[in-house]
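To keep things clear, I will list the structure first and then write my remarks on it.
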Amino acid sequence: MRDRLQKYDPEIFDAILGEESRQQAELELIPSENYTYPEVLTALGTVFTNKYSEGYPGNRYYGGQAYTDTIERLATARARELFRAEHVNVQALSGAAMNQAVYYGLLEPGDSILAMDLTHGGHLTHGSPVSHMSRVFTFHRYKADASGHIDFDEVQRVAEKVRPKLVLCGHSSFPRDLDYAGFKRVADAVGALTMADVSHIGGLIAGGVQPNPLDHGFDVVTTTTHKSLRGPRGGLVLSKAEFGRRIDKSVFPGLQGGPHMHTIAAIAVALKKAAEPEFREYAARSVSNAKTLAGRLIERGADLVTGGTDNHLMVMNTVDSFRLEGRDAQQALEDVGLATNKQLVPDDTLSAQRTSGVRLGTPAATTRGMGDTEMIAVADLFVRALRNRGDAAEAKAVRSEVRELCARFPAPGPLLPAPA
Ligand SMILES: *Cc1c(COP(=O)(O)O)cnc(C)c1O
């Protein structure tokens with residue numbers, strides 16, 4: 001199959017090979033990225049992409065659904081069991097769509113949502129001014145203090161003032177555990193629904209190393225499937241049974257058309273993997289690797305937001321640590337084969353294009369099989385690259401050490417050509 005593509009469309013084929021060797025030769029430290037399983041890639045590349053399946057199992061708009069119903073039922077049942085959810089929708093095309101489907105399904109336009117400040121870790125889909133969601137719903141904010149602690153008396157004062165319909169927690173750059181019981185208390189006090197967007201930590205919850213908001217009585221939990229869960233790109237909406245109908249109708253026909261059945265097949269495979277004992281080890285190791293990486297970075301003089309991490313990610317203030325804006329730090333790291341992303345720090349005074357920090361995390365490095373020893377080596381390479389920015393000889397030396405480390409811990413996937 002690969003030779004046919006190579007012959008027919010060499011430009012695209014070469015880009016695929018290029019990306020395969022880039023992924024193999026660079027160390028992925030972006031905490032939202034991962035290397036999925038070869039079995040997932042196989043399921044993605046199948047004829048399920050040919051099929052229209054608008055509707056839900058047993059109730060579709062088109063015929064020919066024997067096999068689509070099988071995979072969607074399996075995906076849904078596996079997610080229900082893994083996350084102890086009463087209801088699951090697996091059709092959202094991505095994380096952004098899954099969150100929109102929840103807002104539209106449970107709220108009316110103009111309703112208020114209380115969510116985390118975006119520079120403190122909230123996601124774009126939690127009402128960033130550049131997101132359409134901020135034109136439809138009214139977002140109010142809470143923050144964490146410098147140690148990452150959230151003052152729930154303060155959150156409750158805000159909630160009593162703005163009377164949100166939905167209390168939303170969850171993050172894409174917050175390195176600490178969330179107190180779900182605290183959020184639930186605030187929501188109950190003002191009669192609001194509770195939603196946790198665990199997109200980043202879905203795999204850590206599935207692996208049993210982080211608390212599950214559903215166990216704390218949350219109404220809705222959303223998660224992407226491609227981050228710490230190691231599946232294909234997609235989104236799950238997990239909820240109490242009473243919201244199931246509204247959420248299903250909101251995903252389809254409210255927001256989307258035909259579901260991507262090849263993706264749903266691949267999600268089902270990833271969920272089967274996530275229920276294996278090895279996945280629990282993987283999740284635990286992602287967290288212990290992050291703690292080791294953070295500890296070493298701090299030892300070497302780095303300033304981390306909240307002073308460390310409880311999960312798989314950390315945010316480094318690169319201005320305070322190395323007198324480098326996030327944008328420049330990201331570039332210096334990319335030049336040596338370390339992939340990170342620039343990141344706003346709490347109450348950042350620089351723009352989202354420049355930023356005062358970078359965000360890094362361990363799910364992808366952990367998938368490659370790296371452990372504590374490698375995390376210490378990575379922290380040292382990281383500091384060397386930033387301290388010696390602009391020194392071409394030093395960058396070359398660091399880059400070759402990164403490649404050597406990556407070669408010893410190959411990423412899973414189809415057979416890759418040796419990096420050039
Ligand atoms: C990644 C992420 C999303 C969005 O996922 P996409 O698949 O990129 O649309 C939503 N919420 C949070 C907290 C995330 O980290």
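The values are calculated or read from the model by the stated rules, or taken from the named source; none is laboratory data. Quick caveat: nothing in here was measured; it's all calculated off a predicted structure. No Cβ is skipped: glycine too gets one built from the backbone with ideal geometry, and neighbour counts run over all protein chains shown. Only protein heavy atoms, including side chains, enter the accessible area calculation; ligands, DNA and RNA are left aside. Shrake-Rupley method; radii C 1.70, N 1.55, O 1.52, S 1.80 Å.
With coordinates expressed along the principal axes, the C-alpha atoms belonging to the chain extend over 61, 59, 38 Å, beginning with the largest.
For a test of the definition: using alpha carbon positions, the gyration tensor, and the 1.5 limit on a/c, classify the stretch 21-149 as rounded, prolate or oblate. Because a/c hits 1.5 or more and a/b fails to exceed b/c, the stretch 21-149 counts as oblate. Once the chain from V158 to L350 is taken as fully extended at 0.36 nm per residue, the excess over their C-alpha distance is 66.5 nm.
Using just its DSSP H runs of length 4 or more, each adding -39500 (n - 2.57), the chain gives a mean residue ellipticity at 222 nm of -13500 deg cm²/dmol after division by all residues.
Computed over neighbours whose Cβ is under 11 Å from that of H226, the net charge equals +2, Lys and Arg +1, Asp and Glu -1.
For the stretch 306-413, just say rounded, prolate or oblate: build the C-alpha gyration tensor, square-root its eigenvalues into a ≥ b ≥ c, call rounded for a/c under 1.5, and beyond that prolate if a/b exceeds b/c, oblate if not. Because a/c hits 1.5 or more and a/b fails to exceed b/c, the stretch 306-413 counts as oblate. Both radii come from the Cα set of the stretch 41-274: Rg as radius of gyration, Rh as Kirkwood radius; their ratio Rg/Rh reads 0.97.
Summing Cβ point charges (Lys, Arg +1; Asp, Glu -1) relative to the Cα centre of the chain gives a dipole of roughly 600 debye. A DSSP coil position with no more than 16 other Cβ atoms inside 10 Å describes none of the GluC sites (Glu not before Pro) in the stretch 233-329. With a cut-off of 15 Å between beta carbons, the residues surrounding R246 carry a summed charge of -2, where Lys and Arg count +1 and Asp and Glu -1.
Could you tell me which of the pairs K227/K249; K161/K184; K143/K240; K184/K291; K240/K273 are separated by over 19 angstrom between their Cα atoms in the structure shown? Pairs exceeding 19 Å: K227/K249; K143/K240; K184/K291; K240/K273. The alpha carbon centroids of the stretch 115-130 and the stretch 52-95 are separated by 30 Å.
Taking only the alpha carbons of the stretch 186-345, we obtain Rg and Dmax values of 18.9, 53 Å in that order.
Summarising the label geometry, the points placed 7 Å from Cα in the beta-carbon direction at E11 and S128 lie 3.0 nm from one another. Rolling a 1.4 Å probe over the heavy atoms of the protein chains gives the stretch 41-274 an accessible area of 40 Å² per residue. Helices of the chain meeting both criteria, an alpha-carbon length of 18 angstrom or more along the long axis and an average Kyte-Doolittle score not below -1.0, with helices taken as full DSSP H segments, are 10-25, 66-83, 261-274, 277-299, 372-387, 392-408.
Specify whether the C-alpha gyration tensor of the stretch 290-356 places it in the rounded, prolate or oblate class, a ≥ b ≥ c being the square roots of the eigenvalues: rounded for a/c under 1.5, otherwise prolate if a/b is larger than b/c and oblate if not. It is oblate, given that a/c is not under 1.5 and a/b is not larger than b/c. Restricting the trypsin sites (Lys or Arg not before Pro) of the stretch 261-332 to loop positions (DSSP other than H, G, I, E, B) with no more than 16 neighbouring Cβ atoms within 10 Å leaves R300, R323. Solvent-accessible area of the chain (1.4 angstrom probe, protein heavy atoms only): carbon and sulfur portion equals 51 percent.
In plain terms, the chain from D320 to T373 could stretch by 16.4 nm, reckoned as 0.36 nm per residue minus the Cα-Cα distance.
Pick out, from I113, V88, T224, the residue whose Cα sits farthest towards the positive end of the charge dipole of the chain, with +1 on the Cβ of Lys and Arg and -1 on the Cβ of Asp and Glu. So the residue we want is V88. Reducing the stretch 218-264 and the stretch 329-373 to their Cα centroids gives an inter-centroid distance of 28 Å. Charge tally around V345: other residues with Cβ under 10 Å, Lys/Arg +1 each, Asp/Glu -1 each, net -3.
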